[in-house]
Amino acid sequence: VMATASFNAQLVGQTNYRTPWYVNLSYNYRYLPQFSGAEKVSLNEHTPILRGRYSYRAPFGLHLMMNGSAVYINSRNTEGVMVNESISGKLSLSAFYMFLDRFKVGAIGDTSVYYLINRETTNWVNTLQLIAEAEILKRRLYLTLSAHDILNSSDSYMVSYTADQLIQNWIPSYGRYFLVGFKWKFRKDR
């Protein structure tokens, strides 16, 4: 029988009308019955997660935002063997400037780290996006140009595990690319 339990609490505030923020704390527990060969070896997984956001809008069209998160995972099987213990974090900073009420330029940079404690393995991924957006039809049609750079990054990283083993995958993720997009808003901003 699989069992799960979770808890979630969020604190929301606003320093003034230009600086909203929030902090979110959650906790998840999973009990996963599995088999290791012919033996039934279940997995107990504990995952606390902390997330937060802070944004600021200046009176002259500048908008700044910071997002962050931290996740801890502790998974042991019913025989007391540590299967996965890891901590990961992500920090994202963005800045956008709106001018002439029709054009927006900005940048988004983020960095994330995944540290596998029981394997002493660390993985970093850093990305940068540059974005320019123009309003073609008033509050309806937008043209977006963006450049994405995966900076001196290690590989993107995925981890999965069963009750007796942990599987790690690295996927190469170097390079840069450019995107052109169109966005249509069905409802006008008020």
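How do 56-69, 8-21, 86-99 rank on mean C-beta neighbours within 10 Å, highest first?
Working: 56-69: 14.0, 8-21: 10.7, 86-99: 15.6.
Peptide ranking by packing, descending: 86-99, 56-69, 8-21.
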*Enumerate by residue number the GluC sites (Glu not before Pro) in region 35-124 meeting two conditions: DSSP loop (anything except H, G, I, E, B), and at most 12 other Cβ atoms within 10 Å of the site's Cβ.*
E79, E120
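Two decimals, Cα atoms only, Kirkwood Rh: what is Rg/Rh over region 2-44? Present the calculation step by step, with values, prior to reporting the outcome.
Values: Rg = 19.2 Å, Rh = 13.5 Å.
My calculation puts Rg/Rh at 1.42.
R0 = 35 Å: FRET efficiency of R119 with T19, Cβ-based, nearest 0.05?
0.30
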*Rounded to whole Å and sorted largest first, what semi-axes of the equivalent ellipsoid does the C-alpha gyration tensor of region 49-143 yield via the square root of 5 times each eigenvalue?*
41, 13, 12
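Counting Lys +1, Arg +1, Asp -1, Glu -1, what net charge surrounds I108 among other residues with beta carbon under 13 Å of its beta carbon? Let's see the in-between values first.
On the way: positive: K90, K104; negative: D110, E133, D149.
Residues near I108 contribute -1 overall.
Give me the percent of accessible area attributable to carbon and sulfur for region 1-97, probe 1.4 angstrom. Walk me through the numbers on the way to the answer.
Values: 3630 of 5880 Å².
It is 62 percent, rounded to a whole number.
In Å², and per residue, what accessible area does the chain have when probed at 1.4 Å with the other protein chains present?
Working: 12280 Å² over 190 residues.
It amounts to 65 Å² per residue over the chain.
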*Correct choice for mean projected area of the Cα convex hull in nm² that was computed from the model, options [x] 14.6; [y] 17.6; [z] 12.3*: [x]
*Could you list which residues have their amide H under 5 Å from that of T162, counting only those 5 or more apart in sequence or on another chain, with H placed in the peptide plane?*
I167
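The values are calculated or read from the model by the stated rules, or taken from the named source; none is laboratory data. These numbers come from a predicted model, not from an experiment. Because the Cβ atoms are built from the backbone with ideal geometry, glycine has one as well, and the counts that use them run over all protein chains shown. The area values use the complete protein model at the heavy-atom level, side chains included, leaving out ligands, DNA and RNA. Shrake-Rupley method; radii C 1.70, N 1.55, O 1.52, S 1.80 Å.
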